[in-house]
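Report on the following structure.
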Ligand code: NAI
């Protein structure tokens, strides 16, 4: 490949979906936890997103360095690093005028840990970041990656409610990695292109709360029941464990998560810019299972200029999937209650 061709290949998006743009607008995106395993590649991918005009990178360590490095990439997003004692200022400065805030701050899993084992550390990190966001950027869209997502998202709601600035349309738990994994794993079986293998994943983001709706995927008909089906569902639900095990103590999924979060952020920005019909699965405050005490539930949502525009129902599902939902709902309820009551005790 010649130099010119290489340069042009680097400029040509490899995934139309990841880097597609619709209109030029000023979009300031802040990443909190930007120096971490997810934060760094996510920040790089966002720097490569033509819809991002300002990229604010905050972390308790190293963010000015990460920003200096990423800032040399010749794409338009103006990149600034913020740290508690850095020259550009700390968290408040990073959030001033931010329209989208993506939060991967926290600790990741080690082998043998569940996402819930991270609760004690990450709950207070997310609460403290959300408090500042509610004060400095109350109208921003908040995309939560820090685990356990099932509980950290309700924690953010409580913080925003207490500050009197909660808007359910602007709070999202990022579950895109589950959708990404489902697509990859099913396409590995069916042989169809991953880009054409779309599997809605509903519920929450841990273990049995992750419910892939294979019956709704065009290629899913080959694996509707039986051992292969069960194995595939298990792999989607516990795919994160494969990475935790393979990294052998060095953390959990970071690169695939960064990709998934960049996809979600790009979708949100396209919707904010007025593109119609942008749909992603996300863990949002939802009426669907409220009668069973579950305030948050992931389903496909249509995003619009104000955030969540329409929450789509689960739709027609198989009897196997009904059983998966039955297992998901009580677990999700516990996770949500845990976040809400922790917040009441630790305001
Ligand atoms: P990491 O430990 O590599 O990075 C976390 C970063 O957060 C570090 O740079 C750390 O300095 C920073 N940090 C800690 N406290 C902070 C604070 N108060 N303010 C700002 N930054 C702070 O961890 P990694 O692998 O990047 O994972 C981050 C989180 O994402 C974990 O909770 C992990 O479980 C979660 N995760 C979520 C997934 C999802 O699908 N939603 C998938 C994979 C991981």
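Nothing in this text is a laboratory measurement; each read-out follows from the coordinates by a stated rule. Every value quoted in this text rests on a predicted model; they were computed, and no experiment measured them. With ideal geometry, Cβ positions are generated from the backbone for all residues, glycine too; neighbour counts draw on all protein chains shown.
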| field | Stokes-Einstein translational diffusion, region 236-347 - Kirkwood Rh over all Cα pairs, 0.890 mPa s, 25 °C, in µm²/s | value | 149
| With eigenvalues of the C-alpha gyration tensor scaled by 5 and rooted, the chain, Å | 29, 25, 19
| Rounded Å value of the spacing that divides the Cα centres of region 261-292 and region 82-129 | 21
| For the pair residue 75 and residue 128, how long in nm is the line joining their label points, each one 7 Å along Cα→Cβ? | 3.0
| task | May I ask for the distance between the Cα centers of region 30-58 and region 301-318, given as a whole number of Å? | result | 26
| Given that compact globular proteins tend to follow 2.2 N^0.38 Å, what is the ratio of the alpha-carbon Rg of region 176-246 to that value? | 1.00
| note | Of all DSSP beta bridges having both residues in the chain, the percent classed as antiparallel (nearest 5) is 45
| For the modelled label position 7 Å from the Cα of residue 327 along Cα-to-Cβ, which residues of region 185-203 have backbone nitrogen atoms closer than 17 Å? | 201-203
| note | Stretched fully, the stretch from residue 334 through residue 227 gains (0.36 nm per residue minus C-alpha distance, one decimal, in nm) 35.6 nm
| said: I'd like the per residue volume of the convex hull spanned by the Cα atoms of region 90-176, given in cubic angstrom. | reply: 87
| note | Output ordering of 262-271, 74-83, 136-145, 185-194 (per-residue mean of other Cβ within 10 Å, highest first) is 262-271, 136-145, 74-83, 185-194
| said: Could you tell me what a quarter of the Cα convex hull surface of region 21-76 works out to, in nm² with one decimal place? | reply: 3.5
| said: Below 8 Å between Cα atoms, with a sequence gap of 6+, how large is the relative contact order for the chain in percent? | reply: 17
| request: Subtracting the Cα-Cα distance from 0.36 nm times the residue separation, let me have the gained length for residue 68 to residue 96 in nm, one decimal. | output: 8.1 nm
